[in-house]
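Beneath this line is the structure, given in structure tokens, with notes to follow.
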Amino acid sequence: MKKLIILFFTVAFILAGLWGVEKKMWDKKTNLEVVKLIVDMYNNDSELANYIFDDDCRHHINGSIEKERGPEVVKKSISLISEQFSKSKTTFIEIISNMENIAVRWKWEAINKITHKKWQFNGNTIFHFKNSKIIEYWAIDDRYREMQDHGFTIIPPHSK
């Protein structure tokens, strides 16, 4: 029993040490390195959002601000994309950086799971950083044009 307790605490200390090392390594990442991880997040691992986005991150998408905040908004978006599309791929075309802000021009493409048609659109995102985490971002894309190309009719809201 004594050996089991010693083994337990040894493993606990090792894991705690690894978490500390991982956290310190993350804190040393530059904002540019963090932005480049966004491609991995969208293409492979939505859990990276927990490291990339601040818990209070504000999301501005196509001119409106999301009410919810933090990495869960991004993870929910990735989940919705994976439900509706296969072979989803995000590619960065251009990155412009000035330390606290980074602008990215990107392309997204995928295959719709129902129609089996390829979808593709481009967009631009500006990320604002604090302590190597995104605290706010503004994204705009041309998904409405893509929707029209696939037969959707965009109806503006009615005014009273």
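Give, as a single signed number, the net charge of other residues whose beta carbon lies under 12 Å from the beta carbon of Val104, with Lys and Arg counted +1 and Asp and Glu -1.
Summing Lys/Arg as +1 and Asp/Glu as -1 gives +1.
Provide Rg and Dmax in Å for the range 30-149, with only Cα atoms included in the calculation.
Gyration radius and largest Cα-Cα distance of the range 30-149: 14.0, 43 Å.
Please sort 123-136, 64-77 by packing, taking for each peptide the average over its residues of neighbouring beta carbons within 10 angstrom, highest first.
The densest-packed peptide leads the list: 123-136, 64-77.
Within the set of other residues whose C-beta is less than 12 Å from the C-beta of Phe127, count the net charge using Lys and Arg as +1 and Asp and Glu as -1.
Value of the local net charge: +1.
Within 10 Å, count the other beta carbons around each residue, average over each peptide in 54-60, 95-101, and list them highest first. If you can, show how the numbers build up before the last one.
On the way: 54-60: 16.7, 95-101: 11.6.
Ranking the peptides 54-60, 95-101 by packing returns 54-60, 95-101.
Spin-label point model (7 Å from Cα, Cβ direction): what's the Asn101 to Asn131 distance in nm?
2.3
Going down the table (Lys75/Lys118; Lys87/Lys113; Lys87/Lys118; Lys36/Lys118), which pairs top 20 Å between alpha carbons?
In this structure, Lys75/Lys118; Lys36/Lys118 exceed 20 Å between Cα atoms.
How far apart, in nm, are the 7 Å Cα→Cβ label points at Gln120 and Glu94?
The modelled label-to-label distance comes out at 1.8 nm.
Please compute the contact order of the range 30-149 in relative form: average sequence separation of alpha-carbon pairs under 8 Å and at least six residues apart, divided by the residue count, as a percent.
On the way: 224 pairs, mean separation 30.6, N = 120.
Over the range 30-149, the number comes to 26 percent.
None of the figures in this text is laboratory data; all of them are computed from the coordinates on show. If you're wondering where the values come from, they're calculated on a predicted model, not measured in any experiment. Positions of Cβ are generated from backbone atoms using ideal geometry, with glycine treated the same way; all protein chains shown enter the neighbour counts.
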